[in-house]
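A.B. asks: Structure provided below as structure tokens; questions to follow.
The values are calculated or read from the model by the stated rules, or taken from the named source; none is laboratory data. Because the structure is predicted, anything quoted here is derived from the model rather than measured. Note: ideal-geometry Cβ built from the backbone for every residue, glycine included; neighbour counts use all protein chains shown. Side chains are part of the model used for accessible areas, which takes the heavy atoms of the whole protein and leaves out ligands, DNA and RNA. Shrake-Rupley method; radii C 1.70, N 1.55, O 1.52, S 1.80 Å.
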Amino acid sequence: LGAAGNTLGTFNQALAVVQNNVGNATTPGYARQRIFLEALPFVVSGGQSGGVGVDRVETMRDRFLDFQVVAALQKRSFFEKLSQTLSQIEPNFPLTGELSVGVTVDGLFHAFQALSVSPGDFNLRQQVLTAAHTVATSIRSAYTGLTDQRATLDQEASGVVSKINSLATEVVELNRILLQPGISGNTAVETRLQQVLEELGTLVDYRLI
């Protein structure tokens with residue numbers, strides 16, 4: 001009866017591992033667990049009744065794949081942010097329109113070209129001055145837009161740095177917990193650590209060692 005009870009307890013633990021895997025199948029950063037069973041010795045004279053017991057429970061985490069996930073997140077985040085920033089800067093440099101830098105510069109060259117034919121024509125001189133003023137206005141407008149965008153990015157960077165520091169502090173604390181005796185293999189802590197590393201990978205380029 002004792003052996004049967006121990007065996008039922010072992011399989012109950014195995015079912016708990018399966019239930020944990022199913023319940024966390026969609027949890028980001030979670031790695032499936034696997035339970036290993038072992039046959040217990042059967043020695044009547046020694047009071048060992050045999051049966052089956054739990055040898056160990058392992059987390060099926062592949063560090064190489066974890067590193068690849070973080071690296072992919074870093075690249076995706078970089079290009080998404082680059083695309084977003086460039087799309088916000090692009091309106092400051094329109095290809096057409098009266099205040100387009102390219103159009104106004106072309107207009108200035110045309111005005112100088114016309115003036116070169118008749119240097120003494122005061123109307124053509126005035127057109128050159130007007131074209132030069134338009135070029136300066138278009139450049140000033142683009143500069144103002146870039147300055148505003150830079151201020152926005154600087155403010156955003158301050159928040160990102162604070163978030164990075166917070167996540168880095170949590171990584172240190174989670175590693176400290178995992179290094180404690182008897183904690184190794186703690187699924188909850190390992191899962192949270194992977195989640196933090198992935199979130200950190202969306203903010204900054206770093207290397208795992």
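A.B. asks: Just tell me, in residue order, which DSSP H segments of the chain are both 30 angstrom or longer along the helix axis (alpha-carbon based) and at least 0.5 in mean Kyte-Doolittle hydropathy.
C.D. replies: none
A.B. asks: If R0 is 30 Å, what FRET efficiency do you get for N186 and L82 from their C-beta distance, rounded to 0.05?
C.D. replies: 0.20
A.B. asks: Still on this structure: With a Förster radius of 22 Å, plug the Cβ-Cβ distance of S45 and L15 into 1/(1 + (r/R0)^6) and report the FRET value to the nearest 0.05.
C.D. replies: 0.10
A.B. asks: Quick one: which residues, 5+ away or cross-chain, put their amide H under 5 Å from the amide H of L37? H built at 1.01 Å from N.
C.D. replies: D55
A.B. asks: If you count only protein heavy atoms with a 1.4 Å probe, what accessible area per residue comes out for the chain, rounded to a whole Å²?
C.D. replies: 68 Å²
A.B. asks: To the nearest 0.05, how large is the calculated FRET efficiency for R140 and V171 if R₀ is 41 Å and r is the Cβ-Cβ distance?
C.D. replies: 0.35
A.B. asks: Follow-up. Would you calculate a helix-derived [θ] at 222 nm for the chain, using -39,500 (n - 2.57) for each DSSP H run of n ≥ 4 and dividing by the full residue count, to the nearest 500?
C.D. replies: Rounded to the nearest 500, the figure is -23500 deg cm²/dmol.
A.B. asks: Hey, another quick one. Which order do you get for D205, D55 if you rank them by accessible area with a 1.4 Å probe, largest at the top?
C.D. replies: Sorted descending by solvent-accessible area, the residues read D205, D55.
A.B. asks: Carbon and sulfur together cover what percent of the accessible area of the chain at a 1.4 Å probe radius?
C.D. replies: 61 percent
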